[in-house]
Amino acid sequence: MVAPAVPTENVLKGILVPRTAPCLEMSQALGRHDTYYDNLSYFLPDVGVGMRLGAELGKSVVYQETNGETRVEIKESVRGQDIFIIQTIPRDVNTAVMELLIMAYALKTSCARNIIGVIPYFPYSKQSKMRKRGSIVCKLLASMLAKAGLTHIITMDLHQKEIQGFFSFPVDNLRASPFLLQYIQEEIPNYRNAVIVAKSPDAAKRAQSYAERLRLGLAVIHGEAQCTELDMDDGRHSPPMVKNATVHPGLELPLMMAKEKPPITVVGDVGGRIAIIVDDIIDDVESFVAAAEILKERGAYKIYVMATHGILSAEAPRLIEESSIDEVVVTNTVPHEIQKLQCPKIKTVDISLILSEAIRRIHNGESMAYLFRNITVDD
């Protein structure tokens, strides 16, 4: 967020943002006075959102004490108002989550009517399944947000759509695919000679959706080099067997055979074509770099990677710059300006338009169906 012990005021009527987001173009859309708070301290779509709606930033102070504790102060009355908190998730995920929780609770105790969280990238979405003796952290976070006072969430491209079931209040899971499809059509020369690629069988449904909408071919990378979530132990074999335990003769269960992946193969023709790899999240890029090398060996002459959330952790910019990937296209759901400076191959698609329209419709009590037109279960 902000530097420790240095309070920063954000002024915006109707939207709260713990500090820098896609907010600047939102104002003309709000029909009546409401407050919008930006819980962002980093680059985000907040700036674009606020501009589109013409909304002012709510007066608040969010800062960290010298001991690292987060403090939130609401500097104006929010009684009976609809409040939108725009929260991007920077590298310090846990601090961002605490800022969101504390701000939501501060608004709840200040008698706000509705508190809507606008969280373009929902954190901990990969921890939505039980692994060994772990926990479903995404479910825990959903419960914490509800307890803090949130009444609605707007997010984008959840890692697993079933995460919506963790919440006790409405969740609008918007899609970034229309913006990425438009980018392909307008920015990739000769895209008709392209093939959509899934870097693993898990991503095949998403790739198929892109291929069908663009009327392009589909290819899937499958084989030994791929490691998916489904291959991880889910704890069904625990607790461990006890030595010398007495086993009832009628309870001999069949032994599950171990998996053995075939040699790596590309199902589909990519020779002499443009390869467009699609996924929802780009974090550690090693798997994307390996997929690009395989596609080059199979004859693809240009390789694009497209995803909604560009987290781009660790050495991702350097690895992309040194790889066979020609361009990485992500949306601005996650701040990545530093990574763009380190790697010119990274391009950004702005999604503040759909976020601002979602805020406008929720505020005015309008249907959200227009934002989900032609969206299917597999998208």
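Among the residues of the range 339-353, those identified as open to solvent by 20 Å² or more (accessible area, probe 1.4 Å) and within 16 Å of the chain's Cα centre (by Cα) are Thr348, Asp350.
From the list Asp269, Asp280, Asp234, the one residue that fits, being modelled with pLDDT under 90 and either surrounded by 10 or more Cβ atoms within 10 Å (Cβ to Cβ) or touching a His at 6+ places or on another chain (Cβ under 6 Å) (or both), is Asp234.
Okay, residues lined up against (1) touching a strand residue (DSSP E or B) at 6+ places or on another chain (Cβ under 6 Å); (2) crowded, with 19+ Cβ neighbours inside 10 Å; (3) of a type in the set (S, T, N, Q); (4) touching a residue at least 12 places away in the same chain (Cβ under 8 Å):
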position	(1), (2), (3), (4)
Glu99	yes, yes, no, yes
Leu107	yes, yes, no, yes
Ser110	yes, no, yes, yes
Cys138	no, yes, no, yes
Met144	no, no, no, yes
His152	yes, no, no, yes
Thr155	yes, yes, yes, yes
Gln160	no, no, yes, yes
Gly165	no, no, no, no
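If you go through the range 143-153 one residue at a time, do you hit one that is charged (D, E, K, R), under 19 Å from the mean Cα position of the chain (by Cα) and outside the structural domain of Lys205 (by the TED database)? Checked the range 143-153: no residue is charged (D, E, K, R), under 19 Å from the mean Cα position of the chain (by Cα) and outside the structural domain of Lys205 (by the TED database).
Each row is one residue, and each column tells you yes or no for (1) open to solvent by 30 Å² or more (accessible area, probe 1.4 Å); (2) within 19 Å of Ala176 (Cβ to Cβ); (3) modelled with pLDDT of 95 or more.
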residue: Ala290; (1), (2), (3): yes, no, no
residue: Ala300; (1), (2), (3): no, no, yes
residue: Met306; (1), (2), (3): no, yes, yes
residue: Ile325; (1), (2), (3): no, no, yes
residue: Asn332; (1), (2), (3): no, yes, no
residue: Glu337; (1), (2), (3): yes, yes, no
residue: Ile359; (1), (2), (3): no, yes, no
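Quick check on this structure: which one of Thr70, Thr20, Thr95 is within 22 Å of Gln339 (Cα to Cα) and at pLDDT 90 or above? Sole residue among the options that is within 22 Å of Gln339 (Cα to Cα) and at pLDDT 90 or above: Thr95.
Please pick out the residue among Ile119, Ile86, Ile115 that is open to solvent by less than 20 Å² (accessible area, probe 1.4 Å), farther than 15 Å from Ala148 by Cβ and in the same structural domain as Lys161 (by the TED database).
The unique qualifying residue is Ile86.
Quick one: how many residues across the range 361-379 are basic (Lys, Arg) and open to solvent by 60 Å² or more (accessible area, probe 1.4 Å)? Going through the range 361-379 one residue at a time, the tally reaches 1.
The values are calculated or read from the model by the stated rules, or taken from the named source; none is laboratory data. What you see is a predicted model, and the numbers here were worked out from it, not measured in a lab. Counting neighbours? That spans all protein chains shown, and the Cβs are built from the backbone with ideal geometry, glycine included. The area values use the complete protein model at the heavy-atom level, side chains included, leaving out ligands, DNA and RNA. Shrake-Rupley method; radii C 1.70, N 1.55, O 1.52, S 1.80 Å.
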